[in-house]
Amino acid sequence: MYLAHFGLREFPFSITPDTSFFFSSADHQEALNTLLIAVRNGEGFIKITGEVGTGKTLLCRQFLSGINRDAADGQGRFVTAYIPNPYLEPRTLLLALAEEIGIELEREADQYRLLKSLTRALLDFARAGKRVVLCLDEAQAMPLESLEAIRLLSNLETEKRKLLQIVLFGQPELNQKLHQDSIRQLNQRIMFHYHLGPINRDDLEYYLAHRLSVARFKGEGLFSQGAIRQLHAASGGIPRLVNILAHKALMLAYGEGRQRIEGRHVRAAARDTEAARKNPWRWWAAAAALLLVAGAGLGWMSLR
């Protein structure tokens, strides 16, 4: 592939959620700060939403690694559980939580006994000075019955704080689900919420440079300004689409023996990517660019 051609140690635009590539854009850093503050304050429910490909899973993993690093006293203040696919009926979800936090439950026990055993384990963690944080990715896919089971778990508390803190990561459809009358109590208990948006044009240049730097790129200006403009217009600033298009553009430049990515490489990559052609943010980004150009033109005319 193109690694040696561009002097890279690893692929800079992989779509796997590798925390070493986490980019602290203003949006993502604010979301991460929201999460860290909320769990330190002992809040019960936290919600992070964002469109497909905006980096929710990577944010989740960065958050989990961050709170574990923060246990500077070596006592492991946080016990974390991560369930990437919560499309589970309530009983199975409880078993998955128990497995994640390292406790054994009787798999043949009914839901009442499972809840009782989980409550006892959570109390033991609290007595040991540890907080249990459960992260549910793709939460918009959770059955309503499972969301209700999670709400019941969130009722568990001492006189001082919650025994279980829960973070929901999901697409905007999660908001619609939470507004249903049957689980309105859960929606009322969400103390912190943040919505992830796309990367803006200025941050995109830093995003590319950051990922190239992590991949040990030593040169400068691998992507021309024209390529960056095309990349933002074609992707709408959605990180996953940015990565896919940048990877394809690198392959195209490598095939031509070029050392620099130009706008035509990105345009060709976009034509080859159905998600980019159908991406609604693409038209928003293009419209914003046109408005900027029009505004600059009007400003220039007013100076004449």
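The values are calculated or read from the model by the stated rules, or taken from the named source; none is laboratory data. What you see is a predicted model; the values in this text were computed from it and never measured. Cβ placement follows ideal geometry from the backbone for every residue including glycine, while neighbour counts extend to all protein chains displayed.
Things to note:
- Taken together, A126, A234, A209 contain a single residue that is over 27 Å from D18 (Cα atoms) and assigned to a helix (DSSP H, G or I), which is A126.
- Every test in (1) out of contact with any Pro (no Cβ under 6 Å at 6 or more places or on another chain); (2) at positive phi is passed by H28 save one, and that test is (2).
- Residue within region 67-79 that is of a type in the set (K, R), in contact with a helix residue (DSSP H, G or I) (Cβ under 7 Å, 6 or more places away or on another chain) and over 30 Å from D203 (Cα atoms) present: no
- Residue count, region 178-219 (criterion: within 27 Å of A149 (Cα to Cα) and over 17 Å from the mean Cα position of the chain (by Cα)): 14
- Screening region 26-68 for residues that are over 12 Å from the mean Cα position of the chain (by Cα) and part of a loop (DSSP other than H, G, I, E, B) and picking the one that is modelled with the highest pLDDT gives N41.
- Residue pairs meeting the criteria (Cβ under 8 Å; at least 6 apart or on separate chains; first without any contact (Cβ under 8 Å) to a residue 60 or more places away in the chain, in region 28-45; second acidic (D, E) and outside any helix (DSSP H, G or I)): L36/D70
- Single unsatisfied condition, Y87 versus (1) modelled with pLDDT of 90 or more; (2) in a helix (DSSP H, G or I); (3) farther than 17 Å from K47 by Cβ: (2)
- One residue from L147, L115, L152 being free of Cβ contacts under 8 Å to residues at least 40 places away in the same chain, closer than 23 Å to G42 by Cβ, assigned to a helix (DSSP H, G or I) and under 22 Å from the mean Cα position of the chain (by Cα): L147
- Test: residue in region 81-91 that is of a type in the set (D, E) and in contact (Cβ under 8 Å) with a residue 12 or more places away in the chain: yes
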